[in-house]
Amino acid sequence: YSENSTVSAIQAYLALHYNKRIKMREIADHFYLSESYLFELFRKHTNTTIMQFIAELRIRKACTLLRTSDLPISAISEKVGYDDLSYFGRLFKRRVKCSPANYRKKCLANNPPSV
């Protein structure tokens, strides 16, 4: 996390709440900041936006679930905070360069389950 204590606290908060509907107003209120200052502070200390940070958290968690569980992709999408499966699929493919189903297949091919 960031060396800035406020930004680090925001990152930790987001890591705990990534799977919920996150409203910037609520985050700003929680940390006693204005929304515009929240955005500016976060970007200054992380070189990314809050929305990009949340998306990255969600995609990383989805990758973990795809590798380690047999949950349907629709359930994984919901578990990581995306109600819209097709949006999740597009975002996943944009970031990981393959679909969630292909990602799971590749992981299983590289690490077959032990019997």
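Below, the figures for the structure above:
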quantity: Some residue of the stretch 42-58 being outside any helix (DSSP H, G or I) and among the β-branched types (V, I, T); calculated: yes
quantity: Contacts under 7 angstrom Cβ, first residue in the stretch 61-77 being under 16 Å from N19 (Cα atoms) and small (G, A, S), partner at pLDDT below 95 and open to solvent by 40 Å² or more (accessible area, probe 1.4 Å), 6 or more apart; calculated: S74/L85; S77/L85
quantity: Filter result for the condition that a residue is charged (D, E, K, R) and modelled with pLDDT under 95, over R21, R43; calculated: R21
quantity: Enumeration of residues in the stretch 10-41 that are aliphatic (A, V, I, L, M), part of a loop (DSSP other than H, G, I, E, B) and over 23 Å from D83 (Cα atoms); calculated: L33
quantity: Residue count for the stretch 79-115, restricted to those that are free of Cβ contacts under 8 Å to residues at least 24 places away in the same chain, assigned to a helix (DSSP H, G or I) and open to solvent by less than 100 Å² (accessible area, probe 1.4 Å); calculated: 7
quantity: Some residue of the stretch 19-31 being closer than 30 Å to A101 by Cβ and aromatic (F, W, Y); calculated: no
quantity: Total residues in the stretch 62-73, condition out of contact with any Ser or Thr (no Cβ under 9 Å at 6 or more places or on another chain), open to solvent by less than 70 Å² (accessible area, probe 1.4 Å) and assigned to a helix (DSSP H, G or I); calculated: 4
quantity: Set I54, I76, I59, I10: member being over 13 Å from the mean Cα position of the chain (by Cα) and surrounded by 15 or more Cβ atoms within 10 Å (Cβ to Cβ); calculated: I10
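The values are calculated or read from the model by the stated rules, or taken from the named source; none is laboratory data. Predicted model, so just to flag it, every value in this text is computed and none were measured. Note: ideal-geometry Cβ built from the backbone for every residue, glycine included; neighbour counts use all protein chains shown. When the accessible area is computed, the model is the full protein with side chains, heavy atoms only, and any ligands, DNA or RNA have been set aside. Shrake-Rupley method; radii C 1.70, N 1.55, O 1.52, S 1.80 Å.
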